[in-house]
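The values are calculated or read from the model by the stated rules, or taken from the named source; none is laboratory data. All values reported here derive from a predicted model rather than from experimental measurement. Because the Cβ atoms are built from the backbone with ideal geometry, glycine has one as well, and the counts that use them run over all protein chains shown. SASA here: full protein model, heavy atoms, side chains in, ligands and nucleic acids out. Shrake-Rupley method; radii C 1.70, N 1.55, O 1.52, S 1.80 Å.
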Amino acid sequence: MEESVRPLAAEEQRVWRNFVRLHEKLSGRLSRTLQAESSLSAADFAVLADLADVPEGRRRYQELARALEWEKSRMSHHIARMAGRGLVVREECLEDARGAFVVITEQGRAAIEAAAPLHVEAVRALFLDHVTPSELRTLGEISARVIAKMDEDRP
């Protein structure tokens, strides 16, 4: 039995398109600012920020890919490029010969520490300075609820 698709109401479509456009513009501007001021791409920043936040600065490849919502091949290629620049290293997993860890290096830690204040400044200028505390709380609640549902439904 086929389910029929519920079309978006005009207001739903308007809000959804504005949200998507906001995400695209914000991501693009943050990415360009980060690249220009720190030589890190948005993808580099995401990897380094995640690794800097975990004990010992290391994660299994699959855990990192899952956290960033990346495909296995994208993760593998991007980590290889970052390793080539000295930002991370790949470590074999002694307990599981098939597994490997991505580990932040001192150079990677220095890069994220230098880029983080620039990123925060850009986030404030492009987004936070334009919403009220109440709007921010509401957005946080909505985001947390949608993320929890997506994590719950993860294949």
Query raised in the report: So how far, in whole Å, is the C-alpha centre of segment 94-155 from the one of segment 23-60?
Result: 8
Query raised in the report: Counting other Cβ atoms within 10 Å of each Cβ, which GluC sites (Glu not before Pro) in segment 62-138 have at most 12 and sit in a DSSP loop?
Result: Glu69, Glu71, Glu95
Query raised in the report: 222 nm [θ] for the chain, helices only, -39500 (n - 2.57) per DSSP H run of 4+, per residue, to 500?
Result: -22000 deg cm²/dmol
Report summary line: Honestly segment 89-136 on the Cα gyration tensor test (a ≥ b ≥ c root eigenvalues; a/c under 1.5 rounded, otherwise a/b vs b/c for prolate or oblate) is just oblate
Report task. Please calculate the 1.4 Å probe accessible area of Leu126, with all protein chains present, and give it to the nearest 10 Å². Result -> 60
Report summary line: Which of Phe19, Phe127, Phe45 fluctuates most in a GNM of the chain (C-alpha springs under 10 Å)? That residue is Phe19
Query raised in the report: Using alpha-carbon pairs under 8 Å, 6+ residues apart, how would you state the relative contact order of segment 13-155 in percent?
Result: 24
Report summary line: Here the gain from full extension of Leu94 to Arg74, 0.36 nm per residue of separation minus their alpha-carbon distance, amounts to 4.8 nm
Query - Heavy-atom accessible area per residue - segment 1-114, 1.4 Å, Å² - result: 71
Query raised in the report: Which percent of the accessible heavy-atom area of the chain goes to carbon and sulfur, probe 1.4 angstrom?
Result: 55
Query raised in the report: Put Thr132, Thr33 in order of accessible area, largest first, 1.4 Å probe: what do you get?
Result: Thr132, Thr33
Report summary line: Expected field for Thr138, accessible surface area in Å² at 1.4 Å probe radius, rounded to 10, holds 70
Requested in this report: Return the single residue from Gly108, Gly99, Gly86 with maximal mean-square fluctuation; model: Gaussian network over the chain, springs between Cα atoms under 10 Å.
Outcome: Gly99
Report task. Would you mind checking which residues have amide H under 5 Å from Thr105's amide H? H placed 1.01 Å from N; only 5 or more apart, or other chain. Result -> Val88, Val89
